[in-house]
Amino acid sequence: MSMTPALFIILCSGEHEKIQMAAMTASVAAVSDRPVEVFVSMNALALFRKDFDKKCYEGGDFSNLMQERKVPDAIELFQQGKMLGEMKIYACSMAMDVARIELEDLMEELVDEAGGLTKFLSDAESGQLIVF
Amino acid sequence: MSKRTTIDARGAFCPGPLMELIATLKLVQIGDEIDVLSSDKGSAIDIPAWVGKVKHEMVEIAEETDHWHIVVRKIK
């Protein structure tokens, strides 16, 4: 088992560029023997819905380029990271409450459970925390 | 007898070539080699960095006109 401190990612932006960066960071860290935990909240939560349409990424110029040139899809990167490495993904309970999203509305192969910020922050004391 | 598998990842963007390499490593035997063809310059840096971190073995990096050969041996 790796001795590298785990990587804790808070993902709350709905912007394609930030989502893509978070997906790349999470998946590459996970396949590089580094445990990853992702806390998904606010606008990013919609990405993990079962009915999310990959044509609906919203962003700026770079988002348009990424979609044109067909870079690896963010959701697929999260899936690969989970399959090939150690990654846990929590859906923020607060965001689920506010947006009236149930756990069964979210992709079960990606979202492990609903979670709270307090516990996530406490766990993150053992590692490194970044926010998108 | 070790085998060499080729992954043609030319045209694929980061981290596509790395992810394809990792998925293929799961399928081959210890001692086998994987030759990743990549047009993404970052892969020529990132794949050796990953190999060093997880302790497989770099066999060769060769630069062609419009792509790289990045050859990795599965050690474990």
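Counting residues in the protein assembly as shown as N, plug N into 2.2 N^0.38 Å and put the Cα Rg over that result.
Values: Rg = 18.1 Å, N = 208, 2.2 N^0.38 = 16.7 Å.
For the protein assembly as shown, the normalised Cα radius of gyration is 1.09.
Please compute the average number of Cβ atoms from other chains found within 10 Å of each residue's Cβ in peptide A:83-93. Could the numbers behind the result be given before it?
Values: counts 4, 5, 1, 0, 0, 0, 0, 0, 0, 0, 0.
Average neighbour count from other chains, rounded to a whole number: 1.
Computed from the alpha carbon positions, the gyration tensor of region B:4-73 leads to an equivalent ellipsoid with semi-axes of 17, 12, 12 Å, biggest first. Ellipsoid semi-axes for region A:21-96, based on the Cα gyration tensor and the rule √(5λ), read 21, 18, 10 Å when sorted largest first.
Per-residue ellipticity at 222 nm from helix content only, as computed over chain B with -39500 (n - 2.57) for each DSSP H run of at least four residues, stands at -10000 deg cm²/dmol.
List the residue ranges in chain A for DSSP H helices whose C-alpha atoms run 24 angstrom or more along the long axis and whose Kyte-Doolittle average is 1.6 or above. Could the numbers behind the result be given before it?
Numbers: long enough: none.
Taking the DSSP H segments of chain A (at least 24 Å long, mean hydropathy at least 1.6), we get none.
Residues whose amide H falls under 5 Å from that of residue A:38, counting only those 5 or more places apart or on a different chain, are A:9, A:88, A:89, A:90, with hydrogens built in the peptide plane. Angle of helix B:16-25 to the longest C-alpha principal axis of chain B, folded into 0 to 90 degrees and rounded to 10: 10°.
Quick note: the coordinates plus some simple rules give every number you see, no bench work behind them. For clarity, every value in this text was computed on a predicted model and none was experimentally measured. Here the Cβ is made from the backbone with ideal geometry for all residues, glycine too, and neighbour counts use every protein chain on show.
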